[in-house]
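Here's the structure, in structure tokens; my notes come after.
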Amino acid sequence: MESQTHERTLDQGTAYERKPSAYKTELTEVGRGTPMGELLRRYWHPVGLSSHATGTPREVRLLGEDLVLFRDGAGRPGLVWSRCCHRGTTLYYGKVEERGIRCCYHGWLYDVEGRCLDQPCEPENGAKTRDRVRQPWYPVEERYGLVFAYMGPPEKKPVLPRFDALEELGEGEFIDVDDTSIGSGGGAVAPCNWLQHFENVMDPYHVPILHGTFSGTQFVPAMNLMPEVDFELTPRGVKSSSTRKLDGGKVMHRVTEVVLPTLRIVPNPFVGSYGKVESIGWTIPIDDTHYRIYTAGRVKEKGVLLPRAPDAAFRKDRREMTPEERRATPNDWEAQTGQGPITFHSEEHLRTSDRGIAMLRRLLATQLEAIAKEQDPIGVHFDQASAYVRLEAGQRIAER
């Protein structure tokens, strides 16, 4: 009997052959002492709406730190480390008074800059010892209906910048604010790394796929068109310039920016109007695996930060959708949280359409190098004149 030989064919490219996954820690981790954490601490960040700073202490988590926001009886906002420097209980249960916040445990009173003003359990209310302690605190300033905090080295504290898009108001316009993750659509806090959203701003190619043909029109039909895109570095960050060819010989020009440290400068995708960008969103890292967005914008109607054109899509609020509905019509929220708590950069295969993301990552890397060399990163200002920032973002219609 003739013997038969069987040639064995090995499966190629199975998941078993995958190398251990990893992410770029230097770009994603934001705690104190980490490269990105130290870079981010050289800028001001929104820590809440002005309306959040009240006589009731509010828990805040920012850049991996647990803090308490309040407003004393004199109207001054304060931001202090959450644990009382006496015995370590949280000041969230404290009582706000005229001069500051008083700990619920032993009554130590701190002003908005952490000075201990009263120790009621000590002789003479601690008059001889209270100046020896100070509750850790951070400087805060209010602007555009937001409370901004600076969490970096005191000797490097910059001026809180102003932005032309929020300073130069048209007739009937005023500034409104929001903290419910505009652009994410899933809730106030997103359970993934901040960079997954920030990079998305420099990814205009996903718009016609995710927001257009894949899930049906989510903005306006014009945004479903595949754009021609150029990317450029700016003195503030990176910008994308997109062109979409419309019917009737018209062209839509659209400029979007990311501005360091975390600002997303995105013209209204519902195209309710043309001209200078209407709003600024701050993509705030809560910690390594959570972020939120604070938005301030020019409006003519309170609560309407993104006015809609007549042909804009009206879709069900994603927070009211079933899991099945969200699976069938994914949005930014699903795409970005679907990358995991921190996306595995080792698994990526970037292509030409990702050049804006690559440019942003290289820019962040150069700023990390600047910090390591004890230099100032881009976009920090130490005088009022240079701290007035003019943005390029906006959209317009032109003839071909």
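Gly31: touching a residue at least 40 places away in the same chain (Cβ under 8 Å), surrounded by 14 or more Cβ atoms within 10 Å (Cβ to Cβ) and in a loop (DSSP other than H, G, I, E, B), yes or no? Yes.
Number of residues in segment 304-333 that are assigned to a helix (DSSP H, G or I) and either free of Cβ contacts under 8 Å to residues at least 12 places away in the same chain or under 16 Å from Gly272 (Cα atoms) (or both): the value is 6. Would you check if there is a residue in segment 374-393 being within 30 Å of Arg318 (Cα to Cα), out of contact with any Leu (no Cβ under 9 Å at 6 or more places or on another chain) and crowded, with 17+ Cβ neighbours inside 10 Å? Checking segment 374-393: at least one residue is within 30 Å of Arg318 (Cα to Cα), out of contact with any Leu (no Cβ under 9 Å at 6 or more places or on another chain) and crowded, with 17+ Cβ neighbours inside 10 Å. Exactly one residue out of Arg400, Arg351 is of a type in the set (Lys, Arg), loosely packed, with under 15 Cβ neighbours inside 10 Å and touching a residue at least 40 places away in the same chain (Cβ under 8 Å): that is Arg400.
Each residue in segment 137-174 was checked for being touching a residue at least 24 places away in the same chain (Cβ under 8 Å), surrounded by fewer than 14 Cβ atoms within 10 Å (Cβ to Cβ) and within 25 Å of Tyr110 (Cα to Cα), and 2 of them qualify.
Let's see how each residue does on (1) in the same structural domain as Gly356 (by TED's automatic domain parsing); (2) within 20 Å of Lys276 (Cβ to Cβ); (3) assigned to a loop (DSSP other than H, G, I, E, B):
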residue: Phe198; (1), (2), (3): yes, no, no
residue: Leu210; (1), (2), (3): yes, no, no
residue: Thr213; (1), (2), (3): yes, no, no
residue: Phe219; (1), (2), (3): yes, yes, yes
residue: Met226; (1), (2), (3): yes, no, yes
residue: Glu232; (1), (2), (3): yes, yes, no
residue: Pro235; (1), (2), (3): yes, yes, yes
residue: Ser240; (1), (2), (3): yes, yes, no
residue: Arg244; (1), (2), (3): yes, yes, no
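The set of residues from segment 334-373 being touching an Asp or Glu at 6+ places or on another chain (Cβ under 7 Å), part of a helix (DSSP H, G or I) and not small (Gly, Ala, Ser) comprises Ile357, Leu360, Leu368, Ile371.
The values are calculated or read from the model by the stated rules, or taken from the named source; none is laboratory data. Keep in mind that this is a model prediction, so the values were computed, not measured. We place every Cβ from the backbone using ideal geometry, glycine too, and count neighbours over all the protein chains shown.
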